[in-house]
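Below: the structure, in structure tokens.
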Amino acid sequence: MTALDAGPPGALRIAPSILAADFGALGQAIAAVDAETDWLHVDVMDGHFVPNVSIGPPVVASLRRYSARFFDCHLMMSQPGRYLEAFAQAGADGCTVHVEVGDTAALLAEARARGLRVGLAANPDTPFERVAPFLDQIDLLLLMTVFPGFGGQAFMPEVMDKVGQARREVGASSLRLDIEVDGGIDEVTAPIAVAAGANVLVAGSAIFSRADQLGAARALRAAASGR
Ligand code: DX5
Ligand code: ZN
């Protein structure tokens, strides 16, 4: 299936993280929340950059056959450059690499050359200054609101200063990019992140760990929209 595009930069996007879904029934999990969500956030963990392993390109390729939504792949990997081609071939639409792994300019250029929408991620304790030089080379800035590796952790409000810094810089430099937050996003924290300047909200537990997943997604969007 061909993916829909990402939509206009800066628009509110709800991105369910399949990390919290039933891995035995991912197709149904995505379909269940389709009406109330926008992107699909795919958490890729290599057991090295983070102390956990999850999924890789074969799962992306399988899901691509069932879904036309924008696949937002978050590469929590020490060597993402080795896998960008495989993710692009599998049907990823965007790939986000972490600034902490280094070689950032080359990785961003490589992702771009593979036709991917390009994202750069920063851990909660990585200062804005580390990502600032790359803002004109990316489509998405992911500011982690937990330390990556596991779903279900508590939102770190102290990251909101950095989100505000990024949003101000995007405005001041007239950049066209999305600011995404990931970790501990729910109906309570989503409005806090949006007020600080985020427009893409990743949510795993707050959607897939609920009995009514579609209702949870709807509630999250409503909360993020101030409704
Ligand atoms: C953390 C992942 C997140 C995580 C979010 O390493 O990058 O995407 O799955 O899960 P929740 O929403 O449960 O914090
Ligand atoms: Zn993620």
For LEU142, list long-range residues whose amide hydrogen, built 1.01 Å from N in the peptide plane, is under 5 Å from its own amide hydrogen.
-> LEU120, ALA121, ALA122, GLU180
Rounded to two decimals, the Debye log10 I(q)/I(0) of the chain (Cα scatterers, no solvent) at q = 0.07, 0.11, 0.17 Å⁻¹ is -0.18, -0.47, -1.24
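Summing +1 for each Lys or Arg and -1 for each Asp or Glu, what net charge is found among the other residues whose Cβ lies under 13 Å from the Cβ of ASN52?
Local net charge: -2.
For the range 46-127, calculate the relative contact order in percent as a whole number, restricting contacts to Cα pairs under 8 Å that are 6 or more residues apart. Walk me through the numbers on the way to the answer.
On the way: 109 pairs, mean separation 22.5, N = 82.
Reported relative contact order: 27 percent.
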Full-extension gain in nm, GLU187 to SER173, via 0.36 nm per residue minus C-alpha separation | 2.0 nm
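May I ask you to derive the relative contact order of the chain, considering only C-alpha pairs under 8 Å and at least 6 residues apart, and to give it as an integer percent? Don't skip to the end; give the middle numbers.
Working: 467 pairs, mean separation 49.2, N = 227.
Result for the chain is 22 percent.
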Neighbourhood net charge (15 Å Cβ-Cβ; Lys/Arg +1, Asp/Glu -1) for ALA86 | -1
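What net charge is computed for the residues neighbouring ARG130, neighbours being all others with C-beta under 12 Å from the C-beta of ARG130, Lys and Arg scored +1, Asp and Glu -1?
Local net charge: -2.
Report the antiparallel proportion of the DSSP beta bridges in the chain as a percent, rounded to a multiple of 5.
Working: 1 of 34 bridges.
Roughly 5 percent of the beta bridges in the chain run antiparallel, per DSSP.
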Pseudo-spin-label distance PHE23 to PHE150, built 7 Å along Cα→Cβ, given in nm, is 1.6
So who's got an amide H within less than 5 Å of the one on ILE185, skipping anything under 5 residues away but keeping other chains? H placed 1.01 Å off N, in plane.
-> GLY204
Mean-position separation - Cα centroids, the range 27-43 and the range 158-227, in angstrom | 16
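Can you give the charge dipole size of the chain about its Cα centre, rounded to the nearest 20 debye, using +1 on the beta carbon of Lys and Arg and -1 on the beta carbon of Asp and Glu?
On the way: 17 positive and 26 negative charges, 86 e Å.
Computed about the Cα centre, the dipole is about 420 debye.
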For the chain, what does -39500 (n - 2.57) per DSSP helix run (n ≥ 4), summed and divided by total residues, give at 222 nm, in deg cm²/dmol to the nearest 500?
-> -9000 deg cm²/dmol
Sequence-separation-based contact order of the range 86-180, relative, with Cα cut under 8 Å and 6+ spacing, percent | 24
Applied in sequence order to the range 9-21, the curve 6.51 cos²θ - 1.76 cosθ + 1.60 (Karplus, θ = phi - 60°) yields integer Hz couplings, x standing for Gly and Pro, of x, x, 6, 5, 9, 9, 10, x, 8, 6, 4, 8, 8
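Every number here is computed from the coordinates shown, using simple stated rules; none is lab data. What you see is a predicted model, and the numbers here were worked out from it, not measured in a lab. FYI the Cβ positions are ideal-geometry reconstructions off the backbone, even for glycines, and counts take in every protein chain you see.
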